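K.L.:
Please see the structure below; I have some questions.
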Amino acid sequence: MFTILDFYGKQSNYSCGYCKQPTSCQSHGMWAHTMTCQDYQDLIDRGWRRSGCYCYKPEMNTTCCPSYTIKCDAMNFRLNKSHKKIIKRVNKFLKDGIKGKDEDTAEGSDGGSHGTADDGGCGGDLEMGDVARNPRKELDLNKVRVLKAKEDEGSEPPQDVVDGLCLAKDPTVGSSSNLSTRSSTGGGSGQPPKKAKLLRIERKREKLIQKGLNAEEIEQKMKEAKGKNVEKSLEDFLDEEPKDGEQAAHRLKLVTVCTKASEFKRTLEASFAVYKKYQAQVHNDPPKMIDEYLDFLVKSPLQFTTGSNSPNCGFGSFHQQYWLDDRLIAVAVIDVLPSCVSSVYFFYDPEYRFLSLGTYASLRELAFTRKLHQHTPSIANYYMGFYIHSCPKMRYKSNLYPSYLLCPEVYSWHPLDARVRQKLDQSKYSRLNEDPKAVDANAIQPEDIEEVLILHGSSYRRYSLYMKMVGLKHPDENTRTYAKLVGKVCSARMLLYEG
């Protein structure tokens with residue numbers, strides 16, 4: 001498997017979606033014809049970000065609103081009062097249909113991206129520019145000799161995997177037994193709802209029974225658990241939603257669909273309808289054409305892969321669909337990568353703004369990350385796109401604790417704490433690594449330029465051989481810039497398309 005890129009170079013003086021200046025944005029861009037998930041993981045760890053198949057990296061020291069890659073340590077995530085309040089509000093709405101107070105319904109910063117690009121109305125496709133929608137070179141991958149080998153990414157993504165992972169079933173066609181913890185049907189047994197505490201106790205007891213413990217051992221374990229003042233986890237709060245057999249006003253079903261699955265198109269019309277409604281009512285954008293929606297949020301260069309080192313759903317791009325009864329009310333676009341779940345975009349039906357779905361979805365994605373970690377320990381972080389300190393409405397991304405920002409010079413991670421905030425208050429662009437001797441361990445050296453992989457015609461070769469072939473005496477500036485921005489490892493592994 002190879003990554004094939006068309007490098008555009010610097011994109012200068014275009015409009016900013018954050019500060020609204022017309023000619024203040026500076027970035028570098030490239031078009032990904034196809035990309036391995038490992039390469040994209042390495043690229044986002046160098047400050048890159050994708051929007052559809054277009055990848056861009058802000059020029060941090062010159063652009064108007066420096067965008068720092070931000071991630072949350074999912075395994076050590078801690079809920080705050082606001083998070084708990086939002087989960088309880090959703091659960092209460094599901095149980096009895098009560099909307100609750102409107103104090104947090106504005107969702108100005110909470111809604112569109114919930115931690116995703118820069119992407120949700122404040123950036124995303126705005127960052128791409130016109131060049132992103134029109135790759136300057138057409139590449140027929142079928143004619144590239146190196147891609148003709150049999151590769152496991154060609155396998156069909158699974159259509160239904162337990163626990164809602166990669167489920168491509170059409171929720172509108174009826175319920176599925178594979179939807180492990182969620183049902184789209186209302187009603188229940190007619191019994192009054194049980195208290196959350198009693199439900200937790202029952203679930204604890206059931207787990208102990210499944211482990212094969214006898215009655216005496218179970219009672220001992222239950223007493224020990226009761227004696228400990230254990231803080232409830234994210235999963236404990238989410239698990240308080242109504243279960244099958246319990247009386248409830250609504251059922252919420254979360255279905256994760258691979259965008260490369262053949263059955264993905266079954267729900268395409270429904271998701272596009274929600275997207276149009278969201279863009280029009282939340283961001284006051286004119287109606288979108290479906291081609292633009294496909295280019296921005298459906299098409300992905302990431303190669304779907306499965307294997308012993310991947311989670312059950314595989315690595316690749318997915319849509320997480322939120323079905324309220326039989327109605328699609330929200331969609332989260334995510335990438336599952338070797339070390340993280342990366343949030344791409346989030347949109348919802350404005351009719352359900354009162355549920356603070358942006359924040360709720362980010363908590364769900366954190367829980368999803370933690371679940372994947374159980375099978376694939378390397379997946380331990382939740383990437384939220386870019387943190388723009390100079391844009392106050394984007395600072396909400398720091399509400400997930402603990403979060404870390406990527407140093408734009410050394411590419412090391414630093415806690416988003418008071419020290420870092422103070423540095424960014426003083427200067428919107430800052431080298432976060434305070435060690436003056438620290439350097440980029442993946443920096444390109446002059447001799448490394450010769451190792452850059454070049455795709456020319458239908459074959460590839462090292463840049464040193466390519467220069468001899470085309471008569472170049474010295475590396476060209478475009479290749480130097482590309483290698484510097486993607487780093488030594490990726491430049492020697494990915495294919496730079498030269499026609």
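The values are calculated or read from the model by the stated rules, or taken from the named source; none is laboratory data. All of these numbers come straight from a predicted model, not from anything done at the bench. Neighbour counts are summed over all protein chains in view; Cβ atoms, including those assigned to glycine, are modelled from backbone coordinates with ideal geometry. Accessible surface areas use protein heavy atoms only, side chains included; no ligands, DNA or RNA. Shrake-Rupley method; radii C 1.70, N 1.55, O 1.52, S 1.80 Å.
K.L.:
Is one or more of the residues making up segment 419-435 open to solvent by less than 20 Å² (accessible area, probe 1.4 Å) and either farther than 18 Å from S67 by Cβ or in contact with a Cys (Cβ under 9 Å, 6 or more places away or on another chain) (or both)?
P.N.:
For segment 419-435, residues open to solvent by less than 20 Å² (accessible area, probe 1.4 Å) and either farther than 18 Å from S67 by Cβ or in contact with a Cys (Cβ under 9 Å, 6 or more places away or on another chain) (or both): present.
K.L.:
Here is a further query. Take the conditions part of a loop (DSSP other than H, G, I, E, B) and either modelled with pLDDT of 95 or more or surrounded by fewer than 24 Cβ atoms within 10 Å (Cβ to Cβ) (or both) and apply them to G120. Does it pass?
P.N.:
In short, no.
K.L.:
If you take the residues in segment 238-264 that are over 30 Å from N312 (Cα atoms) and in contact with a Pro (Cβ under 8 Å, 6 or more places away or on another chain), which one is surrounded by the most Cβ atoms within 10 Å (Cβ to Cβ)?
P.N.:
Out of the qualifying residues, it is A248.
K.L.:
Within segment 246-263, can you find the residues that are in a loop (DSSP other than H, G, I, E, B) and either free of Cβ contacts under 8 Å to residues at least 12 places away in the same chain or within 21 Å of the chain's Cα centre (by Cα) (or both)?
P.N.:
Within segment 246-263, T259, K260, A261 qualify.
K.L.:
Right, another one. When you go through I388, I379 one by one, which is the residue that is in contact with a strand residue (DSSP E or B) (Cβ under 8 Å, 6 or more places away or on another chain), under 30 Å from E240 (Cβ atoms) and not small (G, A, S)?
P.N.:
After ruling out the rest, the residue left standing is I379.
K.L.:
Tell me, which residue of segment 1-36 that is part of a strand (DSSP E or B) and among the aliphatic types (A, V, I, L, M) is farthest from Y387 (Cα to Cα)?
P.N.:
Going through the qualifying residues, I end up with I4.
K.L.:
Further, regarding this structure: With respect to D349, determine if the residue is acidic (D, E), touching a strand residue (DSSP E or B) at 6+ places or on another chain (Cβ under 9 Å) and more than 16 Å from Y40 (Cβ to Cβ).
P.N.:
So D349 passes the test.
K.L.:
Pull out all pairs, ordered by first then second residue, where Cβ-Cβ is under 9 Å, the residues are six or more apart or on different chains, the first lies in segment 393-407 and is over 9 Å from K71 (Cα atoms), and the second is β-branched (V, I, T) and part of a helix (DSSP H, G or I).
P.N.:
Partner pairs satisfying both residue conditions: Y396/T359; N399/T359.
K.L.:
Further question: Just give me the residues in segment 17-36 being open to solvent by 10 Å² or more (accessible area, probe 1.4 Å) and touching a residue at least 60 places away in the same chain (Cβ under 8 Å), in sequence order.
P.N.:
Y18, C19, H28, W31, H33, T34, T36
Results for (1) at pLDDT below 80; (2) out of contact with any helix residue (DSSP H, G or I) (no Cβ under 9 Å at 6 or more places or on another chain); (3) assigned to a loop (DSSP other than H, G, I, E, B), shown as yes or no for each residue.
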residue	(1), (2), (3)
S184	yes, no, yes
L213	no, no, yes
K232	no, no, yes
D244	no, yes, yes
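K.L.:
I've got another one for you. Give me a count of the residues in segment 452-465 that are more than 21 Å from W31 (Cα to Cα) and open to solvent by 60 Å² or more (accessible area, probe 1.4 Å).
P.N.:
Qualifying residue count, segment 452-465: 1.
K.L.:
Could you tell me which residue of segment 216-230 is surrounded by the fewest Cβ atoms within 10 Å (Cβ to Cβ), considering only residues that are modelled with pLDDT of 75 or more and out of contact with any helix residue (DSSP H, G or I) (no Cβ under 9 Å at 6 or more places or on another chain)?
P.N.:
E216
K.L.:
Return a yes/no flag: does segment 77-89 have any residue that is open to solvent by 10 Å² or more (accessible area, probe 1.4 Å), in contact with a Pro (Cβ under 6 Å, 6 or more places away or on another chain) and at pLDDT 95 or above.
P.N.:
Checked segment 77-89: no residue is open to solvent by 10 Å² or more (accessible area, probe 1.4 Å), in contact with a Pro (Cβ under 6 Å, 6 or more places away or on another chain) and at pLDDT 95 or above.
K.L.:
Please go through segment 466-484 and give me each residue that is free of Cβ contacts under 8 Å to residues at least 24 places away in the same chain and open to solvent by less than 100 Å² (accessible area, probe 1.4 Å), ordered by number.
P.N.:
M467, M469, V470, G471, L472, D476
K.L.:
Scan segment 362-382 and give yes if some residue there is on the phi > 0 side of the Ramachandran plot and not in a helix (DSSP H, G or I), otherwise no.
P.N.:
Looking through segment 362-382, none of the residues is on the phi > 0 side of the Ramachandran plot and not in a helix (DSSP H, G or I).
K.L.:
So Q41 ticks every box in (1) touching a helix residue (DSSP H, G or I) at 6+ places or on another chain (Cβ under 9 Å); (2) at pLDDT 95 or above but one. Which box is left unticked?
P.N.:
(1)
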